[in-house]
Structure formats: structure tokens, C-alpha cells
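Following: one structure in C-alpha cells, then a few remarks.
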Amino acid sequence: MQIVVVGLSHRTAPVEVREKLSIPDQSISESLKNLRIYSDILEVSILSTCNRLEIYALVRDKNIGISSIKEFLTDYSRLNFEELNPHLFDFRQEEAVLHLMKVSAGLDSLVLGEGQILSQVKKMMRLGQENQSTGPILNRLLSQSVSAGKKVRSETNLGTGAVSISSAAVELAQLKIGQENGLDGLVSLKLEKVLVVGAGRMSRLLITHLKSKGCHKLTLLNRNIDRAVNLAGDFPDLEINCKSLNELDESISLSSLVFTSTASEKPFIDLARVENISLNNKLKFIDIGVPRNISNDIKHHAFIKSFDVDDLEEVVSRNQEFRQKIAKEAESLVKDERIIFLEWWASLEAVPVINKLRSDLELIRKEELQKALSRMGPDFSARERKVVEALTKGIINKILHTPVTKLRSPQSREERQASLKIVEKLFSLIDDEKKN
Ligand SMILES: NC(=O)c1ccc[n+]([C@@H]2O[C@H](COP(=O)([O-])OP(=O)(O)OC[C@H]3O[C@@H](n4cnc5c(N)ncnc54)[C@H](OP(=O)(O)O)[C@@H]3O)[C@@H](O)[C@H]2O)c1
């Protein structure tokens, strides 16, 4: 058995490919079910975020397992295998374990050390357990990866002041507006007519960062207007005008800076739509939705500048130098966590031998106890029988404690296998089938 991961991320695929492989929360159960149909996949879990789709699996055979996952991804994306495959990465065993721990720690994120990924790994673990697609191995790997992520954030400064996708989006707006006005660096957004479309988690973060960059007034649009009103209520010192998504065209016509961050599965702003809107300002769109909320053809509009998540790289790389140094420190923490997980897994090798030893000794205990009790006849009360039974159990457990702990303890594979062989031989644990 091996752990493998197959996936794609902002490092290997542009947003136009990533958005074809974004699996929304409501489709995760079905996708996990479809993956479990492959007989080689024993446990499986899906991590789907705006920057990555990764499938972790415990497989019988690594090559067959990886091919099965690639087949699933090809079917899901509706791309040809030849189109998709160059964007996919795969890792096996130690590398797969290390990769997940790095992801969880934010070391593989576009914005190094960002915090959102840790909650997404937690969600992946919860969904795997709820759908019973994960078992002892992946559950342990996932919980150890969450611990690795927490440890990196508490023991290094990687997460301190880390920018997020939302803050990078706001910075990109500042940068572009500055460049347009011949200014270097990040300008205030005080004079911008800001529109935010969507009222979820990302929009909340967008508004927080907009506020810190000088914006004091904005329009907030959402399909469900009550949610927009609720969100606006959390920013009492901002003037937020809440509207329904039906008022999108009019709101765009009055704006100079539009952020879109909805979970819509299809773009709802395209060239044809904006060509019918009379624009009163120079307009910038910043779309952090994946799948994108704004169609790519908007880039052909003469007076609109449009950016998506892949364009955030420009601002993110400006902030990374300091973080790269801390990332090195974080990587060694993550490697330690990988060793702990792999040692735990290796220790599982001892489980069948320990179980056999326990059950053989239990058989002897029961037989001997039975003999002794029948010799005592009816003079022995029920309470006395219980005491003797507990005594025999206690003796067996005490005798087993040291060898079992030693067999499970961290050691090289060769060392453990040698000890297991000795135990099997001394206690005649090898069954007849195995001997032949
Ligand atoms: N979470 C992250 O770390 C992260 C990071 C970067 C980018 N993103 C991307 O940002 C987007 C929003 O993520 P989120 O975490 O803020 O989601 P969220 O908290 O679940 O909020 C979803 C938002 O999308 C709206 N929405 C859903 N389906 C829609 C549709 N068909 N048409 C119009 N609006 C729709 C919802 O409106 P209602 O209230 O009316 O349902 C709500 O405002 C996603 O594309 C995501 O991939 C997320």
C-alpha cells in the first residue's frame, strides 16, 4: 500500500485549467464515491480550493492508483487527457506526505503562510470522514498535517501579517491605479468608486482590506441581499450601499473599481454584457473567483482593465522575500512531522504479529483459567471468579507491555522486521499457510 497524491495547482496550471477542475462542496460526496469505485483506491480525500485540486489516496499499487485518479480527473474536467496531463503533478509516499504537510503549513500557497489553507485541509478531513472515504491511514495523515500547519504558525513567524488572496487583490488595485497615475507603490483607494460583488468569506476579507487602504464607501451586491446587509452590519464605520445582484449593470456603470468574489460556477460578466452598459468611469475588474466570475473576453474591451487570481502573482512576489527566509525554518518543522507520520505507519507493520500474539496468549489464559476454576468447584464464589479472571488478564497485559511497546517504537524497518521474525518464531505465530 502507498499514499499518492495527484493534482494541479497555481504552480502547474493557469486559472483557465484550474477552474475546470474546481469541485464545489456540494459535489465532493459524489466525487469521492466515484473515486471509491476504482478497486485500487482504498482510502481517498479531496482538497479543492481556488488555487488547487489535489486528490490524496491510499492505493494498493501506486501506478494503477495514479492512473485511476488521472482518469477520474480527465472525466471530471471534460478535457482531453493530453491537454490535462501536462498540468498534473503526482507524488508518492514520502513526497506525498511531505507535500500535504507543506500545503497545510501554507508553504505551497501563492501567498506564503496564508491561513485559509489550514481550514481547507480541516474541511477536507471532515468531508472524508463524513463520507467514510478515509480510513485509519488518511485520517492520521490529515490530522498530522493539520498539526504540522498549526505548529508552523505557532512556532514561526510565517503566518504573522501574512497577506491573503483578498489583501493581495486590494494591493493589486492600489498598484494598478498608482501605475496608471504614474505613481510608484501603493496608493490610497479613497477616491475610488468601489463595487464588491458577493457577500461570502472572501468579500468580508476584501472589505476589511479595502477599509484599511482608505476606502470609506462602497456598494455591495449579492444574490441574497439579506446576506449583504448582514455583512455590511459588521462594518458600521463604512458607508455600504447593499443591493441585489439584479442591479449589477447599473452598479457597474457607476463604479471605477469592481471586485468579484462569488462562488458562481459560471462567469456572469462578459464582454457582451459590459458593452451594453454606459460606463461613467475608467473601470478595473479584479476577479478572485475560481471558477472565474468574469469571462476572459472582457480583456478585449478597450476601456476596461481586468485581472484574475493569476495576476495576483505580481503583488505577492513583492512581499515574499522576507517570508522565504521564514519558510526555510518552517520546512524543517514540517519534515519532522513527516518523520513522525511515517514512523507511525511503519509501526503498523507490527500490528498483525501483536494481534496474533495477544490472541494466542488469550486462548492459553482462558483454557488454563477454565481448568483451574473447574478444579475449585462450586466453593468459588462469582466474586472470587471475577478477581481471578482479572488477575490472569492483568498478568498477560503486564508481560506483553514491554515487547509490544518495543515492536511499535520508532526504529528502522530492518530492525523491526528482525524483531517481528524472532517473536513469530519463538511463539510459533506463523500460521501453516504462511509456512508453506
Ligand atoms: N475561501 C478562499 O480561501 C478563497 C480564496 C480565494 C478565492 N476564493 C474564491 O472566491 C469565491 C468566493 O469564495 P468564498 O469563500 O467567499 O465563498 P462563500 O463564503 O461560500 O460565499 C459564496 C458567495 O458566492 C455567492 N454565489 C454563490 N453562487 C452564486 C451564483 N451562482 N451567482 C451569484 N452569486 C453566487 C453567494 O451568494 P448568496 O449569499 O446569495 O448565496 C455568496 O455571496 C470562490 O470562487 C472561491 O473559489 C476563495
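Using only the Cα atoms of region 376-436, build the gyration tensor, take square roots of its eigenvalues as a ≥ b ≥ c, and label the shape rounded, prolate or oblate: rounded if a/c is under 1.5, else prolate if a/b is larger than b/c, else oblate. Kindly include the intermediate steps, with their values, before the conclusion.
Details: a/c = 5.49, a/b = 2.06, b/c = 2.66.
Cα axes put region 376-436 in the oblate bin.
What the phi angles of region 71-85 give under the Karplus curve with 6.51, -1.76 and 1.60, with θ = phi - 60°, is a coupling list of 5, 4, 5, 5, 4, 5, 7, 6, 9, 6, 4, 5, 6, 7, 3 Hz, glycine and proline written as x.
Within the same chain, lysines fewer than 8 places from residue 366 are excluded, and of the rest, those with a Cα less than 21 Å from its Cα are 356, 386, 393, 398.
Viscosity 0.890 mPa s, temperature 25 °C: what is the translational diffusion coefficient of region 182-236 from Stokes-Einstein with a Kirkwood Rh over Cα pairs, rounded to a whole number of µm²/s? Roughly 207 µm²/s, to the nearest whole number.
For the chain, the 222 nm mean residue ellipticity estimated from helices alone, with every DSSP H stretch of n ≥ 4 adding -39500 (n - 2.57) and the total spread over all residues, rounds to -17500 deg cm²/dmol.
Per-residue extension of 0.36 nm, minus the Cα-Cα distance of residue 321 and residue 180, leaves a gain of 48.2 nm for this segment. Electrostatic tally near residue 7: other residues with Cβ closer than 11 Å to its Cβ, Lys and Arg +1, Asp and Glu -1, net +1.
The gain in end-to-end length when the residue 246 to residue 328 segment is fully stretched comes to 24.7 nm, 0.36 nm per residue minus the alpha carbon separation. Taking the empirical scaling 2.2 N^0.38 Å for compact globular proteins as reference, region 165-318 has a Cα radius of gyration ratio of 0.95.
The label point for residue 263 and the one for residue 190, both projected 7 Å from the Cα toward the Cβ, are 3.8 nm apart. Can you tell me the orientation of helix 320-347 relative to the chain, as the angle in degrees between its alpha-carbon axis and the longest Cα principal axis, to the nearest 10? Value to nearest ten degrees: 20.
Between the Cα long axis of helix 351-376 and the first principal axis of the chain there is an angle of about 40°, rounded to the nearest 10. Compared with the alpha-carbon gap, the fully stretched path from residue 229 to residue 355 is longer by 39.4 nm at 0.36 nm per residue. Summing Lys and Arg as +1 and Asp and Glu as -1 over all other residues whose Cβ lies under 13 Å from the Cβ of residue 35 gives a net charge of -3. Ranking of 77, 29 by neighbouring Cβ atoms within 10 Å, starting from the fewest: 29, 77.
Pairs of Cα atoms under 8 Å, at least six residues apart: use those to get the relative contact order of region 165-318, whole percent. Here the relative contact order equals 23 percent. For the chain, the equivalent ellipsoid derived from the alpha-carbon gyration tensor has semi-axes of 57, 23, 21 Å in decreasing order. Placing one identical point scatterer on every Cα of region 58-109 and ignoring solvent, what is log10 I(q)/I(0) from the Debye formula at q = 0.13, 0.18, 0.21 Å⁻¹? Values returned for q = 0.13, 0.18, 0.21 Å⁻¹ are -0.39, -0.71, -0.88. Value of Rg to Rh for region 237-368, rounded to two decimals, is 1.41; Kirkwood radius and Rg both from alpha-carbon coordinates. The mean of 1/r over all pairs of different alpha-carbon atoms in region 2-162, once inverted, gives a Kirkwood hydrodynamic radius of 15.6 Å.
Sorted fewest first by neighbouring Cβ atoms within 10 angstrom, 124, 376, 101, 1 come out as 376, 1, 124, 101.
Footprinting exposure proxy ranking of 215, 242, fewest other C-beta atoms within 10 angstrom first, gives 242, 215.
Quick note: the coordinates plus some simple rules give every number you see, no bench work behind them. It should be emphasised that the depicted structure is a prediction, and the values quoted were computed from it without experimental measurement. Using ideal geometry, Cβ is built from the backbone for each residue, glycine included, and neighbour counts are taken over all protein chains shown.
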